[in-house]
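Okay, structure first, notes after.
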Amino acid sequence: MLYPQSNQFRQTIDLSGFWDFLFDPEDQGEDAGWTSGFTSGRPIAVPASWNDQFEDGRDNLGPGWYQTRFDLPWGWSEQRILLRFNSVNYLAEAWLNGAPLGQHEGGHLPFEFDVTPHVRLEGNHLVVRVDGNLAPDRVPPGRVPWGPPDGFPGDPGNYPDAHFDFFPFCGIQRPVLLCAAPREGLADLTVTTDIEGDKGHVRVRIDRDGDEPATAHLTLRRPGAEISAQVQLPGETAEATLTVPHAALWAPGSPNLYDLTVELARDGAPFDRYTLPVGIRTIAIEGDQLLLNGEPVKLKGFGRHEDFPVTGRGLVPAVIIKDYALMHWIGANSFRTTHYPYSDPMMDLADRLGFLIIDETPAVGLYFREDGLERRRALCRQYVQELIGRDKNHPSVIAWSLANEPHSMRNEAKLFFRELYDLAKALDPSRPVTVVSALGVAEEAFEFCDIVCLNRYWGWYTYPGQIDEACETLAGELKALHEKFPKPLILSEFGVDTIPGCHAQPPEMFSEEYQVEFLTRYIEVLDSLPYVVGQHVWNLCDFKTSQGVRRMGGINYKGVFTRDRRPKMAAHHLRELWRTD
Ligand code: GCB
């Protein structure tokens with residue numbers, strides 16, 4: 001699915017702003033007659049989570065009803081009109097002028113409807129029902145009955161009862177776009193690149209709607225370079241390769257991008273055009289090394305959250321810029337989209353700024369009891385397809401993560417992930433695929449995953465306050481893991497809750513000194529092991545969680561920056577360890 005853009009043949013408008021909203025008092029569903037509009041609504045900001053916008057919103061997971069009105073811009077009357085939602089969490093259902101458009105399950109991934117048959121020139125009325133409730137058969141799940149072998153006995157639980165450690169923010173969290181696109185225009189582009197000597201090959205697969213013969217003109221440009229090709233489209237797809245002499249490769253530190261423009265024409269007259277940034281780079285695994293453009297690369301960075309006061313998980317462009325500035329300042333070159341796909345601007349900026357991303361599906365907290373398993377499997381397959389469909393052309397994306405910390409103790413888990421792994425590889429053979437696990441050597445998916453990603457908290461949940469024991473255990477475990485699975489290994493989470501302003505000497509849990517010592521000593525271990533190709537600190541910033549005895553004030557304090565993006569002591573220490581200039 002191509003991200004909407006505006007040019008001579010396409011136009012996009014953003015429906016963001018203040019919409020009307022109401023909570024469904026008794027979950028009356030569409031029978032309440034709201035699908036064609038309601039009068040009792042209050043104003044709500046779109047995009048943003050609803051939870052922190054209202055006094056009665058925080059723990060209310062819906063359903064909630066949104067509505068807005070719009071007119072079509074001048075010149076759109078003969079166009080095909082698409083309505084695109086960049087992210088609605090969790091279950092969305094939409095109606096335009098009373099006509100049902102469809103529904104989409106799962107937040108953080110885009111979906112769109114062709115609204116051409118329903119749209120009017122003026123006075124359009126869009127209604128969206130959003131259900132953010134947690135349920136055992138949703139992904140990520142909630143309200144899961146705990147207990148062995150899927151959970152840990154005596155888990156204290158939390159409220160709202162999420163099966164994951166971040167607040168289940170809900171609502172229309174990213175922009176809603178209205179797009180005019182040519183009929184029979186471009187439907188998708190898939191770009192892969194490889195390198196041969198100083199040449200770069202850019203392979204482009206073109207998919208389009210309709211099958212009337214057309215010609216595609218391709219141009220790849222950056223200042224000082226322009227390469228063109230032309231290919232006939234007798235039907236719906238075609239492929240072309242552009243070869244770039246003396247290619248300017250993409251890498252962190254030199255994130256060179258080319259603009260690829262594909263123009264469709266019939267009888268010499270162009271009728272559609274799309275421009276996509278392209279980074280020429282390769283990613284590969286050789287033995288226990290991760291190679292970027294043929295050279296070993298080590299990831300330094302973070303797990304993060306899309307999380308900010310008041311806006312919740314809503315898109316805030318200035319926070320994106322700030323987070324990149326902080327990551328650059330500290331010397332990071334990488335992050336994982338813990339624990340769901342991030343916004344399109346976040347991904348676009350990683351291409352521009354040169355960050356390496358492990359791109360994760362929304363499958364966190366998975367468990368494998370029979371009840372609901374088929375539904376969870378179908379959702380995970382859908383997420384893999386939607387994620388790869390959305391992000392396959394980003395040079396910054398160097399691996400796909402199928403899930404975070406699945407409760408893989410049951411035999412079903414291995415086959416479940418084998419199927420997802422095969423699906424990801426079939427859709428994109430060019431990138432490594434991983435599962436991020438806390439099980440260590442017992443995680444059977446590591447047998448076929450390309451990279452081993454482990455989350456570890458020795459010195460926090462286990463061996464509290466005992467960093468010597470923690471580091472010794474960590475070193476032993478990493479060695480055992482690598483012996484069993486001789487592949488590149490990433491420590492994909494490690495960190496400790498740290499209350500800003502809390503100090504202790506000798507270091508004690510929750511103090512800034514303890515975070516410094518924990519991270520420094522862990523990094524010493526990681527740097528000493530050649531097969532450890534990545535270190536991702538948990539977390540870049542403090543973030544909101546459900547309430548529970550482990551989360552004071554409903555906040556996870558493992559950030560090296562506070563929730564409002566101020567550095568703790570550890571940020572300065574990490575900077576000394578990571579910055580190379
Ligand atoms: C983990 C999870 C992450 C939690 C973190 C913690 O292993 O992957 O979502 O927030 O631990 O702080 O406990």
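The values are calculated or read from the model by the stated rules, or taken from the named source; none is laboratory data. Keep in mind that what you see is a predicted model, and the values were worked out from it rather than measured. Quick reminder, even Gly has a Cβ in these numbers, built from the backbone with ideal geometry, and neighbours come from all protein chains shown. For accessibility, only protein heavy atoms count, side chains too; no ligands or nucleic acids. Shrake-Rupley method; radii C 1.70, N 1.55, O 1.52, S 1.80 Å.
A few comments on the model shown:
- Label-point separation, Asp207 to Ala265 (7 Å along Cα→Cβ), nm: 2.6
- Partners for Lys392 among lysines (Cα-Cα distance below 26 Å; same-chain residues under 8 apart left out): Lys199, Lys298, Lys300, Lys322, Lys414, Lys425, Lys487
- Apportionment of accessible area to carbon and sulfur, the chain, percent (1.4 Å): 51
- For Asp52, residues with placed amide H under 5 Å, excluding near neighbours: none
- Placing a label point 7 Å from the Cα of Ala378 along the Cα-to-Cβ line, the residues of region 91-129 whose backbone N sits under 20 Å from it are 91-94, 101-112.
- For Glu295, the solvent-accessible surface with a 1.4 Å probe is about 120 Å², rounded to the nearest 10.
- Placing a pseudo-label 7 Å from each Cα along the Cα-to-Cβ vector at His217 and Tyr159 gives an inter-label distance of 6.5 nm.
- Amide H contacts of Leu299 (H built 1.01 Å from N, in plane; Pro and chain starts excluded): Gly534, Gln535 sit under 5 Å, all sequence-distant by 5 or more or on other chains.
- For the chain, the residue among Gly224, Thr473, Trp34 whose Cα projects farthest onto the positive side of the dipole built from Cβ charges is Gly224.
- Per-residue [θ]222 nm for the chain (sum of -39500 (n - 2.57) over DSSP H runs n ≥ 4, rounded to 500): -6000 deg cm²/dmol
- Longest DSSP-loop-exposure-free segment, chymotrypsin sites (Phe, Trp or Tyr not before Pro), the chain, at most 11 other Cβ within 10 Å: 75-460
- Full-extension gain in nm, Leu415 to Phe448, via 0.36 nm per residue minus C-alpha separation: 10.8 nm
- Taken along the Cα-to-beta-carbon direction at a fixed 7 Å, the label points for Lys479 and Leu577 span 2.1 nm.
- For a label point 7 Å along the Cα-to-beta-carbon line of Ala504, residues of region 427-468 with backbone N under 20 Å: 457-468
- Segment Asp422-Trp329, extension gain: residue separation times 0.36 nm, minus the distance between their alpha carbons: 29.7 nm
- Solvent-accessible area per residue, Å², over the chain with all protein chains present [probe radius 1.4 Å]: 38
- In terms of accessible area, using a 1.4 Å probe and ignoring ligands and nucleic acids, Ile227, Ile81 rank largest first as Ile227, Ile81.
- In order along region 64-75, phi translates into HN-Hα couplings of x, 10, 10, 8, 8, 10, 7, 10, 7, x, 4, x Hz, rounded to whole numbers, per the Karplus curve 6.51 cos²θ - 1.76 cosθ + 1.60 with θ = phi - 60° and x for Gly and Pro.
- Remark: the Trp74-Arg143 segment gains 20.0 nm on full extension, using 0.36 nm per residue and subtracting the alpha carbon distance.
- Two-site FRET efficiency, Glu295 against Gln8, from Cβ-Cβ distance with R₀ of 51 Å, rounded to 0.05: 0.80
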